[in-house]
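The values are calculated or read from the model by the stated rules, or taken from the named source; none is laboratory data. The shown structure was predicted, so the numbers you read here are calculated from the model rather than taken from an experiment. Neighbour counts run over all protein chains shown; Cβ positions are idealised from the backbone, glycine included. Protein only, heavy atoms only, side chains kept; ligands, DNA and RNA dropped before computing areas. Shrake-Rupley method; radii C 1.70, N 1.55, O 1.52, S 1.80 Å.
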Protein chains: 2
Amino acid sequence: MEKSLAVNLSIEEAPKQWYNILPDLPEPLSEPKGDLSILDKTMVKECLKQEFSKDRFIDIPEEIQLLYQQIGRPRALFRAKNLEKLLDLPEGIELYYKSEFLSPTGSHKVNTAIAQAFYAKKEGFERLVTETGAGQWGSALSFAARLVGLKSTVYWVRAVYQWKEARRQLMELYGAKVFASPSQNTQVGRKLLKENSEHPGSLGIAISEGLEDAGKDEKAVYCLGSVLNHVLMHQTIIGLETKKQLEKIDRYPDVIISCLGGGSNFGGLALPFMHDVLKEGKKIKFIAAQSQGAANLQGEYRYNFADYAGFTPQLKMYTLGHQQEMPPIKGDGLRYHGCSPIISLLRSKGFIDTVAYPVDEKHVFERARLFVRGDRDLPGEGYLPAPESAYSIACAIDEAIKCKEEGLKKVIVFNISGHGFMDMPGYKEVLGLK
Amino acid sequence: MEKSLAVNLSIEEAPKQWYNILPDLPEPLSEPKGDLSILDKTMVKECLKQEFSKDRFIDIPEEIQLLYQQIGRPRALFRAKNLEKLLDLPEGIELYYKSEFLSPTGSHKVNTAIAQAFYAKKEGFERLVTETGAGQWGSALSFAARLVGLKSTVYWVRAVYQWKEARRQLMELYGAKVFASPSQNTQVGRKLLKENSEHPGSLGIAISEGLEDAGKDEKAVYCLGSVLNHVLMHQTIIGLETKKQLEKIDRYPDVIISCLGGGSNFGGLALPFMHDVLKEGKKIKFIAAQSQGAANLQGEYRYNFADYAGFTPQLKMYTLGHQQEMPPIKGDGLRYHGCSPIISLLRSKGFIDTVAYPVDEKHVFERARLFVRGDRDLPGEGYLPAPESAYSIACAIDEAIKCKEEGLKKVIVFNISGHGFMDMPGYKEVLGLK
């Protein structure tokens, strides 16, 4: 057993391929239904090709490998020694977290943003259009657009846009045009604003607006930050690195945990390990941490639109319904009606557990505070998580406590998808800070 | 020549000793003058011992090595490839920056905070007291106090306290008691508030308040975030890592740049290289980037107090005078009347150049924006610097342009001491963001 807290990889050890789980799924993924021409019209062609690829591994272009270096990859895996002591865990229960919060834009979203921007540039597009909920995806895509020399436009769920001024300014600093959604820019937006001029918006609505915008401009292309197969595949860089890091210290996970909205950070960490479960008979418990306000994995498993207006083809997924209203929460990145088809299929086959936390978010923010600060004279880990990542932390802590109570020895690995430096107003409100 | 952008070190390659420049200085450092008993009464004993040590290398205790791992050390050194292209630099001019912004609390300050907190705990103290300007030191010390199980109190320059609510909440999340300085807690504070109830404060005043507070409570100890020899020594971890990283890619710096307030991040990067200049005849140009509002290196080289009230012994240093009023700037970490005695001595002997930027900060924030965003169709580096670090960036860019104009080939290394995620209101004001 190594004493190290941080487990690092060298540049040379960085994964050179993404993992595509499609050929390894227990059954073929159901095809999207409806008019697929919107995909051809609005999406990056290489991403669309990857979306349906049956190749188990897809080379990461050398240019993207260099961009990954520029954003600080590979990222450290930390053993949460302080948290283990804080929870008074017996020997044999170990907690590890992946440090996606060390990204320049603040989250894991940058892993796929860079890939999508790179391919878009290569295909001659001039502008990237997208939606954002928490603001992390919007920041990542604005940043990635700049990295490869493209323009960007972001439709941002109004309920969040309003309390995250600093994150908006960051996107604008990267050169993005940022609109509160619903906006006056699109038919969809204007219609909703007419019904309610203070409409809080939702990810589904923002996607509709983005698609409408991109559809009207042949130099523009739409980029999605989650849900789709190729997005999850780009994110497998997280799990592939983590696997190597655990090997280095001779560990293998019994439990893998992350928060889940559309599924990109969860899938990014989980899928490379899911491979071992599906193909090598390994046993791992996967837990997706959600909000009761958007517990899409407890919805119905059926075909549904990915956006509010129904512009997209229908995807077979766990869904709450594409026009379901969901209460605003601080972990807005989790506030989406549907879950990625890949994760949904795996969930339907019993490979993924789920837990949903109350909408007041007190429990998850308290857990985040414990993670940051510790308790009594015992220190915490000190890294400030994004509200979404607070769900991962809450779930990992709850699971560790359960293992302790049941006398189980487990290696628990979780992802901290983003930092919370720009989310202090959320902490303030939920924890009642002055 | 390696193609890598990020140069990493493994845990095994991490430095195990700090570098103490005292025995290598061109002449002995002038002793502090006046009543030194305040030091015995208010300071950590091990730090005081280190302050006057003549040992060239001092072992980093294993516990601190582990804490360094926990905060993500060693940190990457980045080659600023995008910036080089942006400035259209010819082959032979290379820019490298150290990523101190990846710290959990947002800056390099954590490197010495951890050491001071560790020793304080070992010596039986229960509370750490300090001052802070930009808020980075206060965050780092609150965090470090928690890591080792101590309480903390922070006196924060009022002019900054007022516009950085999120950073105050972060300190409080770590468990710190934070007071706007001047405060009603101390005689010094009450006197100044009586004269001006809206007194903007200064680092010197906050130090006086902290010393008064710590002096009244034998369980409390005062920790300083800059200026003193032991603080700079703890920070040499930055330069020692950087040296190893440059060796790995077969490079040696011609120019070393960082911003300078009291001197801790500048010294941290520069001193291990200064060793080579003093002892091995290497030639390196060192440039300290300052504000014209607090250009202490252009002040007088003489004995002066380190605080406003004159509680401290007098130190031989470049100073503007300990009661000099300085205009508020966004890079408040640079707003201090005096410069570290070590750096001052080296400056007086001609080893350190200095540049000071106008108080409106437009140039440095524009340079920071260029660094983040790039220009035209050329991308920037994407990492958002703290206002103080913007001075390093501005200076590095200005120097690179000068080298280009003069046809010189240079390896330029600079430090980015902190991130700006909590400083967006500063960007907003100076750059006129909406």
(message) Looking at the structure I just gave you, is B:Thr112 more than 28 Å from B:Asn415 (Cα to Cα), at pLDDT 95 or above and among the polar types (S, T, N, Q)?
(response) no
(request) Determine, yes or no, whether A:Ala117 is touching a helix residue (DSSP H, G or I) at 6+ places or on another chain (Cβ under 7 Å), part of a helix (DSSP H, G or I) and under 12 Å from A:Leu224 (Cα atoms). (result) yes
(request) Please find, within the stretch A:193-203, the residue that is nearest to A:Gly225 (Cα to Cα) out of those that are of a type outside the set (S, T, N, Q) and buried (at least 24 other Cβ atoms within 10 Å of the Cβ). (result) A:Leu203
(message) Within the stretch B:73-112, take every residue that is assigned to a loop (DSSP other than H, G, I, E, B) and β-branched (Val, Ile, Thr) and give me the one that is nearest to the other protein chains (Cβ to nearest Cβ).
(response) B:Thr105
(request) Give me a count of the residues in the stretch B:318-340 that are over 26 Å from B:Val430 (Cβ atoms) and either surrounded by 24 or more Cβ atoms within 10 Å (Cβ to Cβ) or among the acidic types (Asp, Glu) (or both). (result) 3
(request) Mind listing whichever residues of the stretch A:296-317 are in a loop (DSSP other than H, G, I, E, B) and either open to solvent by less than 20 Å² (accessible area, probe 1.4 Å) or closer than 15 Å to A:Gly204 by Cα (or both)? (result) A:Ala306, A:Asp307, A:Tyr308, A:Ala309, A:Gly310, A:Phe311, A:Thr312, A:Pro313
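Yes or no, residue by residue, for (1) more than 23 Å from B:Leu66 (Cβ to Cβ); (2) not polar (S, T, N, Q):
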| residue | (1), (2) |
| --- | --- |
| B:Gly124 | no, yes |
| B:Leu128 | no, yes |
| B:Ala140 | no, yes |
| B:Gln162 | yes, no |
| B:Pro182 | yes, yes |
| B:Asn185 | yes, no |
(request) Give the residue that is farthest from the other protein chains (Cβ to nearest Cβ), with candidates limited to residues of the stretch B:113-125 that are small (Gly, Ala, Ser) and more than 22 Å from B:Phe421 (Cβ to Cβ). (result) B:Ala115
(request) Return the total of residues in the stretch B:132-182 being acidic (Asp, Glu) and in contact with a Ser or Thr (Cβ under 9 Å, 6 or more places away or on another chain). (result) 1
(request) Select from the stretch B:173-197 the residues that are free of Cβ contacts under 8 Å to residues at least 24 places away in the same chain and among the charged types (D, E, K, R) and write down the one among them that is nearest to the other protein chains (Cβ to nearest Cβ). (result) B:Arg190
(request) Just name the residue that is farthest from A:Ala386 (Cα to Cα) out of those in the stretch A:158-172 that are in contact (Cβ under 8 Å) with a residue 60 or more places away in the chain and within 13 Å of chain B (Cβ to nearest Cβ). (result) A:Leu170
(request) Check whether at least one residue in the stretch A:168-178 is farther than 16 Å from A:Ala113 by Cβ, outside any helix (DSSP H, G or I), out of contact with any helix residue (DSSP H, G or I) (no Cβ under 8 Å at 6 or more places or on another chain) and of a type in the set (D, E, K, R), and report yes or no. (result) yes
(message) Give me the residue from the stretch B:58-72 that is more than 11 Å from chain A (Cβ to nearest Cβ) and over 21 Å from the mean Cα position of the chain (by Cα) and, out of that set, surrounded by the fewest Cβ atoms within 10 Å (Cβ to Cβ).
(response) B:Asp59
(request) Hey, can you tell me all the residues within the stretch B:357-389 that are among the hydrophobic types (A, V, I, L, M, F, W, C), away from chain A (no Cβ under 12 Å) and crowded, with 24+ Cβ neighbours inside 10 Å? (result) B:Val364
(request) Might you check whether a residue that is open to solvent by 10 Å² or more (accessible area, probe 1.4 Å) and farther than 13 Å from B:Ser340 by Cβ occurs anywhere in the stretch B:254-262? (result) yes
(message) Let me confirm something: among B:Ala166, B:Ala206, B:Ala134, which residue is open to solvent by 20 Å² or more (accessible area, probe 1.4 Å), among the aliphatic types (A, V, I, L, M) and under 30 Å from A:Gly426 (Cβ atoms)?
(response) B:Ala166
(message) Based on this model, can you work out whether A:Leu224 counts as in the same structural domain as A:Gly418 (by TED's automatic domain parsing), under 16 Å from the mean Cα position of the chain (by Cα) and of a type in the set (A, V, I, L, M)?
(response) no
(message) Being modelled with pLDDT under 95, open to solvent by less than 30 Å² (accessible area, probe 1.4 Å) and within 26 Å of B:Leu433 (Cα to Cα): is that true of A:Gly189 here?
(response) no
(request) Output the residues belonging to the stretch A:204-244 that are touching a Leu at 6+ places or on another chain (Cβ under 7 Å), among the β-branched types (Val, Ile, Thr) and either in a helix (DSSP H, G or I) or free of Cβ contacts under 8 Å to residues at least 60 places away in the same chain (or both). (result) A:Ile205, A:Val231, A:Thr236, A:Ile238, A:Thr242
(request) Those residues that are open to solvent by less than 30 Å² (accessible area, probe 1.4 Å) and within 14 Å of chain B (Cβ to nearest Cβ), I need them from the stretch A:1-54; list them, please. (result) A:Ser4, A:Leu5, A:Ala6, A:Val7, A:Leu9, A:Ile11, A:Ala14
(request) Take B:Lys81 and decide whether it is crowded, with 23+ Cβ neighbours inside 10 Å and over 20 Å from A:Asn8 (Cα atoms). (result) no
(request) Confirm whether B:Glu212 is farther than 25 Å from B:Ile114 by Cβ, of a type in the set (Asp, Glu), touching a helix residue (DSSP H, G or I) at 6+ places or on another chain (Cβ under 7 Å) and open to solvent by 10 Å² or more (accessible area, probe 1.4 Å). (result) yes
(message) Pairs needed: first member in the stretch A:321-340, assigned by TED's automatic domain parsing to the domain that holds A:Ala309 and over 22 Å from A:Ala140 (Cβ atoms); second member anywhere, among the polar types (S, T, N, Q) and modelled with pLDDT under 95; C-beta distance under 7 Å; at least 6 residues apart or different chains.
(response) A:Met326/A:Ser202
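Let's see how each residue does on (1) in contact (Cβ under 8 Å) with a residue 40 or more places away in the chain; (2) open to solvent by less than 10 Å² (accessible area, probe 1.4 Å); (3) charged (D, E, K, R):
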position: A:Leu95; (1), (2), (3): yes, yes, no
position: A:Ser99; (1), (2), (3): yes, yes, no
position: A:Ala113; (1), (2), (3): yes, yes, no
position: A:Leu128; (1), (2), (3): yes, yes, no
position: A:Ala145; (1), (2), (3): no, yes, no
position: A:Lys151; (1), (2), (3): no, no, yes
position: A:Trp156; (1), (2), (3): yes, yes, no
(request) Identify the single condition in (1) among the hydrophobic types (A, V, I, L, M, F, W, C); (2) more than 23 Å from B:Lys244 (Cβ to Cβ); (3) touching a Leu at 6+ places or on another chain (Cβ under 6 Å) that B:Leu102 does not satisfy, given that it satisfies every other one. (result) (2)
(request) Scan A:Gly426, A:Gly407 and give me the residue that is assigned by TED's automatic domain parsing to the domain that holds A:Lys98 and buried (at least 17 other Cβ atoms within 10 Å of the Cβ). (result) A:Gly426
